[in-house]
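Every number in this text was worked out from the coordinates using simple rules, so none of it is lab data. From a predicted model like this one, the values you see are computed outputs, not experimental measurements.
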Amino acid sequence: MTTIKKYSNRDNKEEKESLKVNKDNNTNNKSKINFSEKDIKAFKSTINRIYIEDLEKYGDIIKDYGKEFDIPKLSFNQDKSKTDIEQKMDPELNSSILAAYNFKSNEINIKPELLNLYLGSNKDISIIDHTLAHELGHAISMQFGPDNYKNKSVKDKNAYDYVKDELLANLFAAQLSVKKKGLQISNETISKQLIADDTDFKDILKNIDKFEKYLNDLEDYQKNLIQNVKEFSKFAYDKIKEISDDKKIKIDITLVGKINKIYLDRVKLELNNFFKNSLANYSILTYSAPLLGASISLSKQNIDFKDFMNKIFDNISSVKEIKKYIKGSAASLNLRILSPIEFYLIDIEARKALTDELVKGDEFRDTYPQAFLKMEEQVENEFISLNVYLNAKIESERKVLKDLIEFNEKLKIN
Ligand SMILES: [Zn+2]
């Protein structure tokens, strides 16, 4: 998958606002899927032309993997159709997918977002180039990778598998880019290319102070999160108890329902902020941190590039430099996957305890506060488990920052 981030809070100026996501930053990134037939036609022919050129240039590298490469067909998905998860996602929270490789049909599917980005960048060919190289990378690693790897179905894949997929695609793409530039393929050239291809790293190196501040803010936010949830849980519980204890007023289910709704709306707001803050991050892309590890590892070791790839195929955490960041990257990915799901689950699961109570009718007066406590506990537990991911992510981000600065000083990439 090739993705582009929509969220960025790196331009926030106000101290207090620094953890809120600045929506204005993203308007130019938002998909405006409204193209003319002419645009679409021209785009398709450009992309087809680049693809054919690329395949010719990359032919030697692909052959070097020793087997027949089944060239993926390009398909264009300009009809706005989205996967189930994409439909559920809050469009403001998630990156757009530019293209995706489908192993079963052996197709590289080009999404409308790539056309959008391409037109928005004054037809910058390098955007198409990098996307195609990355997707070809997926195709090569899926086709030439070990059988147990490619036969893993989507639902059997865990976060580490996805991190591995993206890293492998980027390693192939870096190799192809080095070749395209006419440079010698060596550990050093690939190592540099990996970092140069990653726009997040460029941003971090340009704004190191801002990034450090962002990490500190994120840490503060993380510390306060559970406390905030606890506080408004207590507030809602006290209100409900007050109504239930007052024997003079006839219990008004709509009133309790209103408090309940206010509570769940606050929970959702907090959850929304949680995802915005934890995803709006420089190196949220699942492969950014591991590819720094891969870069460092390649520059240090005299390992053959193909052996290095095989090592990652076999067990990504066997590469010590990658292992350092992998927990945070997997956490990052988990948060991205959870963001569309948890929005619904927290509400639905939590509400169930209450509706079960409400249907009991007469016993409602005494049991309602207890039912609310059950819901509250469930909500708080959800937030605690989400925070575990956020913690792993922040820890990994700190390592990335430190190592990236050191590595850049040594190699002078940016
Ligand atoms: Zn990918």
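So the values come out like this:
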{"item": "Stokes-Einstein translational diffusion, the range 370-414 - Kirkwood Rh over all Cα pairs, 1.002 mPa s, 20 °C, in µm²/s", "result": "162"}
{"item": "Amide H partners (placed H, <5 Å) of residue 74, local residues excluded", "result": "108"}
{"item": "Placed amide H near residue 319: partners under 5 Å, 5+ positions off or other chain", "result": "none"}
{"item": "Per-residue HN-Hα couplings for the range 50-61 [Karplus 6.51, -1.76, 1.60; θ = phi - 60°; Hz; x = Gly/Pro]", "result": "4, 4, 5, 4, 4, 4, 5, 5, 8, x, 4, 5"}
{"item": "Viscosity 1.567 mPa s, temperature 4 °C, Stokes-Einstein D of the range 208-411 from Kirkwood C-alpha radius, µm²/s", "result": "66"}
{"item": "Cut-off under 5 Å, modelled amide H: who pairs with residue 98 long-range", "result": "2, 3, 4"}
